[in-house]
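The values are calculated or read from the model by the stated rules, or taken from the named source; none is laboratory data. Remember, predicted model here, so these are calculated numbers, not experimental data. Every residue, glycine as well, gets a Cβ built from its backbone with ideal geometry; the counts of neighbours run over all protein chains shown.
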Amino acid sequence: MPRPRVAWFTPLPPVESGISLYSQEILPILSQVMRIDVIVDGYTPIVRPASETLGIVDHRRFDPDMYELIVYQVGNSPAHRYMLPEMYRNPGLLVLHDTMLNHLMIQDAVHRRDLLGYREEMERRYGGDGRRAAERVLTGQSPDDLFRFPMSEPLIEASRATIVHSDFARQQVRSWAPDAVVERVPLGLKLPELLDRLRARQILGIPEDQFLLASVSHINPHKRIDVVLRALKSLRRSIPARLILAGSVSPQFPLARMVNHLDLDQVVDTPGYVTDAEARLIAAAADVIVSLRYPTAGETSASLLHSMAAGRPVLVSQTGSFTEAPADATVRIPVDALEEQTLAAVLKRLATDNTLRDSIGERARSFVEEEHSLRRWTDGYLDVMSRLTGISVDSPEIDETPEPVDRRLDPTETAVADPLTESLARDVAELGLGGDEDLLLSLARSRVELGI
């Protein structure tokens, strides 16, 4: 059976992006049945492909005539700006991770020194309201009402088809571009093996009886972190709670100043961007995971699905695609005048009811297993790609069993820097997080920063 040749534009690690990890997970599966070149923006990925059917090509050497299909993985960040010229010159399959791309378009206009052109496009598409929002951008502001003006329509209209990951996003795209071909493909992930909560806490140095909240996601003004911090301060009047905020921090968000202002420095930990293994460890240790977001950019949150797959109750904002999970598999927090009080009350209830936490977490994990499997994700892609190329391929082999414990790291044979790192090596081996010395040193640094 013929193997179509596909160009796949995407960031990859070391670019700190959920889309980097997304592509890193699905590419080895798809490359079983097609030849894929990953088109990157002038850097060498940390993990280079080991397969003859999966290569890396710098976008400056990209030749569109070599491929039956071009796939563009696009999100609302500067990491995707290098794709834009090619999308207009060589239309392909757009995978829209955020339906709102206004910030990406601003970055592109700045790079091209064409902010007046950006203002003209905002006015052409959205009238006077769009022009006024653009003028605020020209003065250096980033107004919240930019979320009213998606600016993704040009890319949707230029594409042969568009993939989104939620019904909410599909409805949005169809309302903006009625003639576009839009398909919903579930975002998939490999279900992780459940990690023991108490053992994870021993590694992180967190007391067994402390109520732990966690968030594992990029931190920006739209993640409601200010609301979470105030709710935490309220909760601590009766519950000895702690919060881990793991993720890179937007320069537009004064996290450290906010934590200090609320006198929460001793109970809020900010380890920064973390690896998959570290994210699993934090999720395993948490009692509750917070994944609030408003306004929404039309995204389907991979970090939310990973948190649910960890079997923990997750708090979400009652908006956008976040309401597509069953009501009993997440805890929905309305975004209204009582958001902070509601959040504090919900946290207090969860802190005092282990059975409720466990039941929500179990339903969350079951939802991910049933609706967001690797098989459903891969089959959705192959269906759309085969229609665009006219080439059908065999279904690839997929192992859907939970990711097994990895015991390859033997602390008795691994050179370590000091007794703390040696201790971490044993803990990581027992938890099955696997890895290398970089992971161990990162965990060690985290423990030092936590004062453990």
**Message:** Restricting to the range 5-42, name every residue that is assigned to a loop (DSSP other than H, G, I, E, B) and either assigned by TED's automatic domain parsing to the domain that holds His218 or under 16 Å from His165 (Cβ atoms) (or both).
**Reply:** Thr10, Ser17
**Message:** Which numbered condition in (1) in contact with a strand residue (DSSP E or B) (Cβ under 6 Å, 6 or more places away or on another chain); (2) in a loop (DSSP other than H, G, I, E, B); (3) of a type in the set (A, V, I, L, M) is the only one that Val173 fails?
**Reply:** (2)
**Item:** Residues that are in a helix (DSSP H, G or I) and either closer than 18 Å to Val6 by Cβ or not aromatic (Phe, Trp, Tyr) (or both), drawn from the range 83-104
**Value:** Met83, Leu84, Pro85, Glu86, Met87, Arg89, Asn102, His103, Leu104
**Item:** Failed criterion for Ser31 (all others in (1) at pLDDT below 95; (2) touching a Ser or Thr at 6+ places or on another chain (Cβ under 7 Å) hold)
**Value:** (1)
**Request:** Determine the pairs where a residue that is under 21 Å from Val173 (Cα atoms), located within the range 306-323, has a partner that is part of a loop (DSSP other than H, G, I, E, B) and among the small types (Gly, Ala, Ser) with Cβ atoms under 7 Å apart, the partner being 6 or more residues away or on another chain.
**Result:** Gly320/Gly298; Ser321/Ser166
**Prompt:** What strands (runs of 3 or more DSSP E) lie completely within the range 205-284 and have 2 or more residues being closer than 19 Å to Thr352 by Cα?
**Reply:** 211-216, 241-246
**Asked** Can you tell me which residues in the range 27-37 are within 23 Å of Ser303 (Cα to Cα) and surrounded by 20 or more Cβ atoms within 10 Å (Cβ to Cβ)?
**Response** Ile29, Leu30
**Request:** Would you check if there is a residue in the range 133-140 being surrounded by 14 or more Cβ atoms within 10 Å (Cβ to Cβ) and assigned to a loop (DSSP other than H, G, I, E, B)?
**Result:** no
**Asked** List, please: which pairs have Cβ atoms under 7 Å, are six or more places apart or on different chains, and start with a residue in the range 254-283 that is in the same structural domain as Ile244 (by TED's automatic domain parsing) and more than 27 Å from Leu194 (Cβ to Cβ) and end with one that is modelled with pLDDT under 95 and part of a loop (DSSP other than H, G, I, E, B)?
**Response** none
**Request:** Assess whether Arg257 counts as being charged (D, E, K, R), surrounded by 20 or more Cβ atoms within 10 Å (Cβ to Cβ) and closer than 30 Å to Gly75 by Cα.
**Result:** no
**Prompt:** Is it true that Arg81 is under 21 Å from the mean Cα position of the chain (by Cα) and surrounded by 15 or more Cβ atoms within 10 Å (Cβ to Cβ)?
**Reply:** yes
**Asked** Residues in the range 298-318: is at least one surrounded by fewer than 21 Cβ atoms within 10 Å (Cβ to Cβ) and touching an Asp or Glu at 6+ places or on another chain (Cβ under 7 Å)?
**Response** no
**Request:** Return the residue satisfying two criteria in turn: it lies in the range 44-54 and is surrounded by 10 or more Cβ atoms within 10 Å (Cβ to Cβ) and over 24 Å from the mean Cα position of the chain (by Cα), and of such residues it is nearest to Met385 (Cα to Cα).
**Result:** Thr53
**Message:** Of all residues being crowded, with 18+ Cβ neighbours inside 10 Å and among the aromatic types (Phe, Trp, Tyr) in the range 148-196, which is farthest from Ala133 (Cα to Cα)? Just the residue, please.
**Reply:** Phe168
